[in-house]
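Undergrad: My questions all concern the structure below.
The values are calculated or read from the model by the stated rules, or taken from the named source; none is laboratory data. Because the structure is a prediction, the values reported are computed rather than measured. As a convention, Cβ positions derive from the backbone with ideal geometry for all residues, glycine included, and neighbour counts pool all protein chains shown. Ligands, DNA and RNA are stripped out before the accessible areas are found, and what is left, the full protein with its side chains, is counted by its heavy atoms. Shrake-Rupley method; radii C 1.70, N 1.55, O 1.52, S 1.80 Å.
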Amino acid sequence: MIFNKDSIMKGDMIVMHEWEDLMMKKHSEVVCQNGGDILEIGFGMGISANYIQSQDINSHTIIEKDEQVYQKLLEWAEDKPNVKTIFGDWIKNLPECKFDGVFRDTWGESWLKQVFPLEILSVCKIGTIVTFFNNTNDKKTMYGETFFKEKNIKFHKVDIKIPDYVDYLPNYNRDRYYVPEWIVDGTDTKMNFELMLAKKMKDVLQDRFK
């Protein structure tokens, strides 16, 4: 990783850039609406973490898998007694507790780790607010067809100018970003989500071999 004043780079790829500030601010406001205990997956430049710290919360747990970024996280957390840090892959290192809010913003994960809504249920309770980096530039998410097709996901519009050099968001609606808000309810169970995922996989295979 290369740490610049306004960005984190890996080779010529942007991992995070300061232009995301308004997006991270809104994600932080959304995830902290319940107060209580907050889980943040991915530290990055610490933009969202700083905003979360400015909210009225009890605890702030952060999971980070990149060793260099994790060292930055440890330095940042030194004077913050309500922060707990966890090093490693979030799927393998989820705490055995429930959170009031969860925010995920990770980089460079494989397709298998895009089953986030299913995997995160183990640390959620009824009413947990979950938000995540949304790469669609629209009022939908990458998980919609699989997990959220029948759910009412709330979206918070952020008016923002996406720079031309940003290639990890679509080339349309470059003047906006939508922060998703999923409130976990009684229908969001591991069994239901596993059935939804199995159906999605079946549909994909059927389309492939038509």
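Undergrad: Probe radius 1.4 Å, ligands and nucleic acids left out: which of S122, S59 has the largest accessible area, and how do the rest follow?
TA: S122, S59
Undergrad: Moving to a separate point now. What is the stretch 13-120 by shape, rounded, prolate or oblate, if you read a ≥ b ≥ c off the alpha carbon gyration tensor as root eigenvalues and call it rounded for a/c under 1.5, prolate for a/b larger than b/c, and oblate otherwise?
TA: Values: a/c = 1.25, a/b = 1.11, b/c = 1.12.
Rounded is the answer for the stretch 13-120, as its axis ratio a/c remains below 1.5.
Undergrad: Residue by residue through the stretch 29-46, what is 3J(HN,Hα) from phi via Karplus (6.51 cos²θ - 1.76 cosθ + 1.60, θ = phi - 60°)? Round to whole Hz and write x for glycine and proline.
TA: Coupling constants for the stretch 29-46: 5, 5, 5, 9, 4, 7, x, x, 9, 10, 10, 10, 10, x, 9, x, 8, x Hz.
Undergrad: Let me ask you something else. Would you mind computing, in nm to one decimal, how far apart the modelled labels at H156 and K84 are, each placed 7 Å from Cα along Cα→Cβ?
TA: It is 2.4 nm.
Undergrad: Could you tell me the relative contact order of the chain? Use alpha-carbon pairs under 8 Å, at least six residues apart, and round to a whole percent. Could you put the intermediate results ahead of the total?
TA: Working: 352 pairs, mean separation 38.5, N = 210.
That works out to 18 percent.
Undergrad: Hey, what do the phi angles of the stretch 57-67 turn into as Karplus ³J(HN,Hα) couplings, whole Hz, using 6.51/-1.76/1.60 and θ = phi - 60°, x for Gly and Pro?
TA: Values per residue, Gly and Pro as x: 10, 8, 9, 9, 9, 10, 10, 9, 9, 7, 4 Hz.
Undergrad: While we're looking at this one, here's another question. I'd like to know how the stretch 91-131 sits against the 2.2 N^0.38 Å rule of thumb: what's its Cα Rg over that expected value?
TA: Values: Rg = 10.5 Å, N = 41, 2.2 N^0.38 = 9.0 Å.
For the stretch 91-131, the normalised Cα radius of gyration comes out at 1.16.
Undergrad: Projecting each Cα onto the charge dipole of the chain (Lys/Arg +1, Asp/Glu -1 at the beta carbon, about the Cα centre), which of Q33, I120, F103 comes out farthest on the positive side?
TA: I120
Undergrad: Moving on. Of C124, C97, which has the most accessible area with a 1.4 Å probe, and how do the rest follow in descending order?
TA: Numbers: C124 10, C97 60 Å².
From most accessible down to least: C97, C124.
Undergrad: List the pair-distance distribution P(r) of the chain, using every Cα-Cα distance, as the percent of pairs falling in each 10 Å bin from 0 up to the bin containing the longest distance, rounded to whole percents.
TA: Spelled out bin by bin, the chain gives 8, 33, 38, 18, 3, 0 percent.
Undergrad: Tell me, in nm to one decimal, what length is gained between L205 and E67 on full extension, where the rule is 0.36 nm per residue of separation less the Cα-Cα distance? Could the numbers behind the result be given before it?
TA: Working: separation 138, 0.36 × 138 = 49.68 nm, distance 3.70 nm.
Residue separation times 0.36 nm, minus the Cα-Cα distance, leaves 46.0 nm.
Undergrad: Please return the longest stretch of the chain lacking exposed loop sites, where chymotrypsin sites (Phe, Trp or Tyr not before Pro) count only if DSSP places them in a loop and at most 16 other Cβ atoms lie within 10 Å.
TA: It runs 1-164.
Undergrad: Now, a different point. Give the Debye-formula value of log10 I(q)/I(0) at each listed q (0.14 Å⁻¹), with one equal scatterer per alpha carbon of the stretch 70-193, two decimals each.
TA: -0.74
Undergrad: Treating only the Cβ of Lys, Arg, Asp and Glu as charged (+1, +1, -1, -1), what charge dipole size does the chain show about its Cα centre? Round to the nearest 20 debye.
TA: Value, rounded to 20: 780 debye.
Undergrad: Take the cross-link list K139/K202; K26/K98; K25/K149; K25/K161; K65/K154; K84/K151 and give me the ones stretching past 24 Å between alpha-carbons. Mind dumping the intermediate values first?
TA: Working: K139/K202 26 Å; K26/K98 22 Å; K25/K149 27 Å; K25/K161 15 Å; K65/K154 29 Å; K84/K151 32 Å.
Over 24 Å Cα-Cα: K139/K202; K25/K149; K65/K154; K84/K151.
Undergrad: A further question on this structure: Residue by residue, what Karplus-based ³J(HN,Hα) values in Hz, rounded to whole numbers, does the stretch 97-107 have, using 6.51, -1.76 and 1.60 with θ = phi - 60° and x for Gly and Pro?
TA: Karplus-based 3J(HN,Hα) across the stretch 97-107 equals 7, 10, 10, 8, x, 9, 10, 10, 9, 10, 9 Hz.
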